[in-house]
Amino acid sequence: MYTYTHETVVESDIESTFEWFEHEGSFRRLMPPWEVAEEVRADDSLEVGSQRVFRFPAPGAPFLKMTWIAEHTAYDPPKHFSDTMVKGPFWSWNHDHDLSEVEGITTVKDEVSYQVPFGPLGNLADRLLGGLLVRGRISRMFKARELRLQRDLREHSKFSNLKRKRILVAGSSGLIGTQLVAFLDTGGHDVWRLVRRESKEGSKELSWYPDKGVLNPDDIEGFDVIVHLGGAGIGDKRWNKKRKKLIVQSRKDSTTLLSDTMSKLKKKPEAFIVASAIGYYGNRADEELTEDSSPGDGFLTETVIQWESYADSAREAGIRVVNTRNGIVLSAAGGALGRMLLPWKMGGGGPLAGGKQWMSWISLDDEIYAIHHLMMSSECEGAYNLTAPQPVRQKDFSKTLGKVLRRPAFAPIPGFSMKILFGELAGPLLIEGQRVLPKRIQDSGYEFLHKDLESALRDSLGIWR
């Protein structure tokens, strides 16, 4: 049996800290950001007998899924709770959480006692590798948990003087939506999900079918904020006439339906936050672009211009509309970075199409915190670039990623090969670029967690110095 101990210090009182853990969303927020984990069930309680269940790829065999069932075994708020592994990859796993406070500063002590798989053989293999097989992975996991807890509590505290909101999120199952819903939940907001299927009984879900124009106005009456992150993936598949039509139509149908419906409600929401994209600016070489810059041209630009206009009926009804022009959101669990990792780890990374094009990126946590900032700041309205303050050229992105992964970054990938592989979308998404700056959100007082690329990549991948 092994024991691992980790302490996290947060600038928050013990009651607020314990309350963060009690929310269902804390389970998702505490998962390591590089793990492609699927949450199956999470009881909204830490009380004895409650369970949290998730699946994740098996180490070294990502196509095999493993299930972890954790059951809570002790509950003494706000000082202590514990859980044990009912099913999972270890032979045993018992986790105690102890909280203590001194002058408004809380220390969370995590103590885990565990037995590695395969008994004596597992112990021997772990010792021969200096503990790297298990203890190294556990250490990385708890470092990630520490950072998430500290940051989430700090972000929530910025608006602790304001009333908690009732929030509806469309597109909640995507890369951004999953984390946004979890984060908002840990802040005490009443968060609901708008899903394109029959809602689950007893869940905070509402059904809609935007392709059929079906949305019950009574369902969305009384929400303070509606967030729309949906739409067919722009870079998920090769573009052809059918795919391009779906990209446009999915955004038109869903955004217009939401906007028109909420504009006619008796009690309208305070704000409507709609995802958009920096594709608005087109291919602009080295030009520095802010929200005041003119639009570019091409399919993506035309799509984004229309996309933002689909919320006009909400604007005209006096609802505060925010369009978040998202850059490349960095996450090891998906998106552009997630797709890059396998070839990079195999030593096949390098500059793309010469590497001179600009990449405007943002860390996933900055994306979440920025949306929260725009949601809670009543003076924020209109278009906002959600990109880090320091965009980089693609060759510098490759060099930095190689440095973090400790892999070579000199295998150039010519542009013509990208066009062969991805067709028309290779131009605007891979070969061209924009140097976009987040002027308006910084002017509004938002401070970026990750201003430089290396810190963002290290955080996303769990490879800290």
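Every read-out reported here was derived from the displayed coordinates using simple, explicitly stated rules and does not represent laboratory data. Bear in mind the structure is a predicted one, so any value in this text is a computation, not a measurement. Neighbour counts are summed over all protein chains in view; Cβ atoms, including those assigned to glycine, are modelled from backbone coordinates with ideal geometry.
Computed as a quarter of the hull surface, the mean projected area of the alpha carbon convex hull for the range 158-300 stands at 11.3 nm².
Normalised by the number of residues in the range 286-415, the mean separation of alpha-carbon contacts (under 8 Å, six or more apart) gives a relative contact order of 34 percent. Of all DSSP beta bridges confined to the range 173-274, the antiparallel ones make up roughly 10%. Bridgeable lysines around K163 (alpha carbons under 24 Å apart, same-chain partners fewer than 8 residues away excluded): K204, K266, K267, K268.
Taking other residues whose beta carbon is less than 14 angstrom from the beta carbon of K267, and scoring Lys, Arg as +1 and Asp, Glu as -1, yields 0. Average 1/r across all pairs of distinct alpha carbons in the chain, invert it, and you get the Kirkwood radius: 23.6 Å. Label the range 380-459 by shape, choosing from rounded, prolate and oblate, from the square roots a ≥ b ≥ c of the eigenvalues of the Cα gyration tensor; if a/c is under 1.5 it is rounded, and otherwise prolate applies when a/b is larger than b/c, oblate when it is not. Taking the square roots of the gyration eigenvalues as a ≥ b ≥ c, the range 380-459 is oblate. Dividing the summed helix terms, -39500 (n - 2.57) for each DSSP H run of n ≥ 4, by the number of residues in the chain produces a 222 nm estimate of -10500 deg cm²/dmol to the nearest 500.
Listed by chain and number, the aspartates and glutamates placed with their C-alpha closer than 15 angstrom to that of K356 are D286, E287, E288, D396, E432; residues fewer than eight positions away on the same chain are left out.
On the principal axes of its alpha carbon atoms, the range 1-82 extends 42, 28, 26 Å, with the longest extent given first.
Note on the range 232-283: percent of Cα-Cα distances in each 5 Å bin, starting at 0 and stopping at the bin with the largest distance, equals 4, 15, 21, 21, 15, 11, 7, 4, 1.
Loop-located GluC sites (Glu not before Pro) across the range 334-389 with a Cβ neighbour count of 10 or fewer within 10 Å are E379, with loop assigned by DSSP. Taken as Cα centroids, the range 78-102 and the range 142-205 sit 23 Å apart, rounded to the nearest whole angstrom. Beyond 25 Å in Cα-Cα separation lie the following of the pairs K245/K439; K245/K451; K65/K245; K244/K419: K245/K439; K245/K451; K65/K245. From most to least packed by mean Cβ count within 10 Å, the peptides 187-200, 93-106 give 187-200, 93-106. The separation of the range 13-43 from the range 350-397, counted between C-alpha centres, amounts to 25 Å.
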